[in-house]
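Computed from the coordinates by the stated procedures, all read-outs in this text should not be read as laboratory data. Predicted model, so just to flag it, every value in this text is computed and none were measured. Cβ coordinates were reconstructed from backbone atoms using ideal geometry, including for glycine residues, and neighbour counts include every protein chain displayed.
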Amino acid sequence: MNNNLRPVGIIGTGKYVPEKILTNSDLEKIVETNDEWIVSRTGIKERHIASDNQATSDLAYEAAVKALDSAGLSASDLDLIIVATITPDMSFPSTACILQDRLGAKKAAAFDLSAACSGFVYGLATATNFLQTGMYNNALVIGADCLSRITDYTDRNTCVLFGDGAGAVVLGEVPEGRGFQSFDLGAEGAGGAHLYLEAGGSRMPASAETVEGKKHYIYMNGREVFKFAVRVMSSATEAVLSKAGITKEDIDVFVPHQANIRIIQSAMERLNLPAERVVVNVDKYANTSAASVPLALVEAVEDGRLKEGDTVVMVGFGGGLTWGASVLKW
Ligand SMILES: CC(C)(COP(=O)(O)OP(=O)(O)OC[C@H]1O[C@@H](n2cnc3c(N)ncnc32)[C@H](O)[C@@H]1OP(=O)(O)O)[C@@H](O)C(=O)NCCC(=O)NCCS
């Protein structure tokens, strides 16, 4: 990164998952599946599901309040709010604007960012650039999603995979040598047909037919997404390490997108990473889309796994298709 830019890193963290837990045995009562299949194919044991009166901004709010508290800042200190989500409260206003109002972050610019499960890392990169150049001082970046709202609970191919949650970080100036060292963001739009939600946009507005045709739910070609994920988890990591001028041996804590334990294990093998350096919580939360990487990061912070000076690599991949990776000196 350009050395004339000021160093920017994470100065506060918070997370929130809804109280309600949906276990694999609960799902056995809804679709033809079983705990053994789900655990052996995905590593998932349970997931958290938003209550009827909770929307994405409510999850984001809980995580944001904790992140601000841990940063020792108040909402009025924020210059920028980015919410990475594919399940906004509504098409517009953005979830970030809804949150800005609820937090009372009156001077903050606010917008949503749509890069599916890579959204949080895309958001980190975006906010870091605003802060490094000195345009802004403090930014709140949140990954939040309620995938349960766009999941078809009659489709066993997808309904076992997803959960709801939010992870938030506050970005600000950090001492020289700390903070974000490099980012690698990318997209393969040609693969968009492997993971999408078809209706409700300008191409196919919501209608009685789209509801009847179940076109407001996630469609996924699991095998193609799996192949893409395995490939980019290692290629994006190698790219972001090379940009930071370090090697995989330098990674202290690896925070991968939590979609499937087999995808994480394959990245560990390709990158030669021992299990103790890899954060895994897919068993508890399943795939929470944009919330997945920050939920894993914040959990590692809360567990005391992250120590000052550690080199942290975060990697997300998802719909778009997209990927995003970062190297951060904690
Ligand atoms: C979805 C995924 C877990 C499926 O695992 P898989 O090993 O590829 O399984 P397959 O697709 O080969 O399916 C095997 C069989 O299990 C069945 N099956 C699918 N879901 C099932 C479930 N929940 N319970 C029981 N059986 C199930 C399939 O119908 C299929 O049966 P068939 O062979 O009779 O047709 C895996 O492809 C995956 O994780 N893909 C990536 C998903 C992802 O990361 N998405 C989000 C990206 S951000």
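Report, in listed order, any pair from K45/K248; K20/K106; K15/K248; K29/K214; K66/K307 with a Cα-Cα distance greater than 23 Å. All intermediate terms of the calculation are to be shown ahead of the outcome.
Values: K45/K248 30 Å; K20/K106 32 Å; K15/K248 28 Å; K29/K214 21 Å; K66/K307 20 Å.
Long pairs (Cα-Cα over 23 Å): K45/K248; K20/K106; K15/K248.
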Inset, instruction - Work out the FRET efficiency for S91 and W37 from their Cβ-Cβ distance, taking R0 = 30 Å, and round it to the nearest 0.05. - result: 0.25
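Please report the antiparallel percentage of the DSSP beta bridges confined to the chain, to the nearest 5. Don't skip to the answer; put the middle values down first.
Values: 37 of 53 bridges.
Antiparallel: roughly 70 percent of the beta bridges in the chain.
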Inset, instruction - Name the helices (complete DSSP H segments) of the chain with a Cα length along the long axis of 20 Å or more and a Kyte-Doolittle mean of at least 0.0, or state none. - result: 56-71, 222-244
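Could you calculate, for the chain, the ratio of the Cα radius of gyration to the Kirkwood radius, expressed as Rg to Rh?
Numbers: Rg = 18.7 Å, Rh = 19.6 Å.
Radius of gyration over Kirkwood radius for the chain works out to 0.95.
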Legend entry - Ranking of T126, T247 by count of other Cβ atoms within 10 Å, fewest first: T247, T126
Legend entry - Per-peptide average of other Cβ atoms within 10 Å, ordering 284-295, 65-76, 88-99 highest first: 284-295, 88-99, 65-76
Inset, instruction - Express in whole angstrom the spacing between the alpha-carbon centres of the range 47-76 and the range 95-173. - result: 11 Å
Legend entry - Over the chain: helical MRE at 222 nm, DSSP H runs n ≥ 4 each giving -39500 (n - 2.57), nearest 500: -10000 deg cm²/dmol
Inset, instruction - Based on other C-beta atoms within 10 Å, arrange W330, W37, W323 from fewest to most. - result: W37, W330, W323
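Going by average Cβ density within 10 Å per residue, which order do the peptides 314-320, 178-184, 198-204, 276-282 take, highest to lowest?
314-320, 178-184, 276-282, 198-204
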Legend entry - Solution diffusion estimate, µm²/s, Stokes-Einstein, the range 244-324, Kirkwood Rh from C-alpha pairs, 20 °C, viscosity 1.002 mPa s: 165 µm²/s
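Fewest Cβ neighbours within 10 Å first, please rank I82, I263 accordingly.
So the residues, fewest neighbours to most, are I263, I82.
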Legend entry - Sorted peptide list for 148-160, 4-16, criterion being average Cβ within 10 angstrom, highest first: 4-16, 148-160
